[in-house]
Amino acid sequence: MSKLIKNGTVVTAVDQYQADVLIENGIITQIGLNLSKEGAEIVDAAGHYVFPGGIDPHTHLDMPFGGTVTADDFETGTRAAAFGGTTTIIDFCLTNKGRPLSQSVQTWHQKATGKAVIDYGFHLMIAEINDEVLAELPKMIHEEGITSLKVFMAYKNVFQADDGTLYRTLIEAKRHGALVMVHAENGDVIEYLIKEALEAGNTDPIYHALTRPSLIEGEATGRAAKLTALAGSQLYVVHVTCEEAVQQIAEARNHGVDIWGETCPQYLMLDQTYLEKPNFEGAKYVWSPPLRPQYHQEALWTALKNGQLQTLGSDHCSFNFNGQKDLGLGDFSKIPNGGPCIEDRFSILYSEGVVKGRITLNQFVDIVSTRIAKLFGLFPKKGTIAIGCDADIVIFDPNVTRTISAETHHMNVDYNPFEGIVISGEPVTVLSRGEYVIRNKQFVGTAGAGQFVKRATYHAASRDEKSKNVEAVKGGATHV
Ligand code: URP
Ligand code: ZN
Ligand code: ZN
Ligand code: ZN
């Protein structure tokens, strides 16, 4: 059935205007004033914003990590995402050395199929480059539509790849039009610092932060940026937490390197002191990279405002406090790394960013949806409100305030790191390809209705994003 969203304020990354939006067969077919359509269901959006659905480029659902498995699977995780205004996620598909990439991708499809309530794509972790991986990569990128490759520079003896692997991944990504993503911390140095701390009897959660200083994130970010420049490739730095990393990204961008940066709500809102909470509660706030001293938050907000960082990911990686985080009682290095955020990413950025005057309403849409769609090959199908786009739409009430709490959230986890924080604005109705997932704040979606999205390659998707300077430096990409 067609739907007609009436009397709302349409907001995109560049515009804000009063208009009705007609949806037919899951696609936006008309935008204009005083639209009518016989038989269409009227959806009243008076007094509300009509946003493109949020796109979360960084989730870990149903993922084995730290001796356990993340608490949210593709059903609970995507349902919570929808409550929060997100209509597409891109999840990280883990791989193992010596195992065909296609098998890992199949495993991830099995996790998501029949469960996801919103659309989803995958990034592919690269642990090693060898003849088998080289042979499989073109198929993954061009046929499977998995056009972003993730390299971990940390988590020694678990996920960490060496610089040679990163460099060769950058070269292959350039050749085939993929975007390389890095977790930028120096895993070798961190391993040493952790050992030193534990030998000195320093076992509390705060030592997680103290053994992963911001200098080490800045160093790895700069190293990855330089390898990207050398390869003439493209890089997206996930979960940027600190001034040092922002500086490295900004400097590389100034030199024409094709590099992009993501931060997360936790780094904008919370600081290192949370890890000092008594009764092991600091474990709730263990992310890698860690929460930083408060002054870094200003650097991150400024970078989002001036475009040195471009996106916000949730890095949703939920573990229960009871039964999962407590694996690290007596040894901070065994606390599963990560926290829940998939539901709150969108509204936190609106409230803390737009309402507090740190970013504009258009920047909000860009950071939470449009830019992510462009970088990850989803645009223009997703990431904006325009004729021909998927009707992934959030009808948002800017006039309510609410308190974030584990009592009311929809994530399958027993705490919320933003507990007690009062925010302005709330998604009221959320559509995925024109179908209600959230209707008047109630879940009405269906497990399995979410579809896997094959994404376009980086070059095709973002050609218009590159400055002349970058084109000149790189001399264009070759495709094999
Ligand atoms: O602590 C974190 N960030 N956990 C999730 C895995 C990762 O490094 O993104
Ligand atoms: Zn190719
Ligand atoms: Zn990471
Ligand atoms: Zn992550």
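The values are calculated or read from the model by the stated rules, or taken from the named source; none is laboratory data. A quick note: this is a predicted structure, and the numbers were derived from the prediction, not measured. Quick reminder, even Gly has a Cβ in these numbers, built from the backbone with ideal geometry, and neighbours come from all protein chains shown.
What number of residues within segment 330-350 satisfy the criterion of being touching a helix residue (DSSP H, G or I) at 6+ places or on another chain (Cβ under 8 Å) and more than 15 Å from ligand 4 (Cβ to nearest atom)?
Total meeting the criteria: 11.
Could you please tell me which pairs satisfy a Cβ distance under 9 Å, a separation of 6+ or placement on different chains, a first residue in segment 311-333 that is closer than 23 Å to residue 78 by Cα and touching a residue at least 12 places away in the same chain (Cβ under 8 Å), and a second residue that is part of a helix (DSSP H, G or I) and among the acidic types (Asp, Glu)?
311/366; 320/326; 321/281
Of these, 449, 460, which one is more than 16 Å from ligand 4 (Cβ to nearest atom), part of a helix (DSSP H, G or I) and either at pLDDT 95 or above or more than 30 Å from residue 403 (Cα to Cα) (or both)?
Criteria check complete, one pass: 460.
From the list 95, 88, 76, 107, which one is among the hydroxyl-bearing types (Ser, Thr, Tyr) and in a strand (DSSP E or B)?
Selected residue: 88, the only one of 95, 88, 76, 107 that is among the hydroxyl-bearing types (Ser, Thr, Tyr) and in a strand (DSSP E or B).
For segment 194-240, how many residues meet the condition of being of a type in the set (Val, Ile, Thr), more than 16 Å from ligand 1 (Cβ to nearest atom) and crowded, with 21+ Cβ neighbours inside 10 Å?
Summing the residues that are of a type in the set (Val, Ile, Thr), more than 16 Å from ligand 1 (Cβ to nearest atom) and crowded, with 21+ Cβ neighbours inside 10 Å in segment 194-240 gives 1.
Given the criteria small (Gly, Ala, Ser), more than 16 Å from ligand 3 (Cβ to nearest atom) and within 29 Å of residue 458 (Cβ to Cβ), does residue 377 qualify?
In short, yes.
Return the only residue of 305, 325 being more than 16 Å from ligand 3 (Cβ to nearest atom) and surrounded by 24 or more Cβ atoms within 10 Å (Cβ to Cβ).
From the options 305, 325, the qualifying one is 325.
With the requirement that a residue be assigned to a loop (DSSP other than H, G, I, E, B), more than 17 Å from the chain's Cα centre (by Cα) and on the phi < 0 side of the Ramachandran plot, what does segment 110-119 give you?
Across segment 110-119, the qualifying residues are 113, 115, 117.
Looking for whichever is of a type outside the set (Gly, Ala, Ser) and in contact with an Asp or Glu (Cβ under 9 Å, 6 or more places away or on another chain) here; the options are 337, 362. Which one fits?
When all the criteria are applied, what remains is 362.
Please work out which residue is nearest to ligand 4 (Cβ to nearest atom), limiting yourself to segment 169-193 and to residues that are surrounded by 20 or more Cβ atoms within 10 Å (Cβ to Cβ), assigned to a helix (DSSP H, G or I) and of a type in the set (D, E, K, R).
172
Taking the condition of being assigned to a strand (DSSP E or B) and within 16 Å of ligand 3 (Cβ to nearest atom), how many residues in segment 4-61 meet it?
The qualifying residues number 4.
Could you please find all residues in segment 120-160 being within 16 Å of ligand 1 (Cβ to nearest atom) and either of a type in the set (Asp, Glu) or more than 22 Å from the chain's Cα centre (by Cα) (or both)?
156, 157
Among 273, 241, 228, 263, which is the only one that is modelled with pLDDT of 95 or more and either in contact with a Phe, Trp or Tyr (Cβ under 8 Å, 6 or more places away or on another chain) or within 16 Å of ligand 2 (Cβ to nearest atom) (or both)?
None of the others qualify; the one that does is 241.
Would you list the helices (runs of 4 or more DSSP H) that sit entirely within segment 232-315 and hold 1 or more residues that are among the basic types (Lys, Arg) and at negative phi?
Hits in segment 232-315: 243-254, 295-306.
Exactly one condition in (1) more than 16 Å from ligand 1 (Cβ to nearest atom); (2) surrounded by fewer than 18 Cβ atoms within 10 Å (Cβ to Cβ) is not met by residue 49; state its number.
Of (1) more than 16 Å from ligand 1 (Cβ to nearest atom); (2) surrounded by fewer than 18 Cβ atoms within 10 Å (Cβ to Cβ), only one is false for residue 49: (2).
Taking the condition of being more than 16 Å from ligand 3 (Cβ to nearest atom), of a type outside the set (Val, Ile, Thr) and in a loop (DSSP other than H, G, I, E, B), how many residues in segment 120-168 meet it?
Count: 5.
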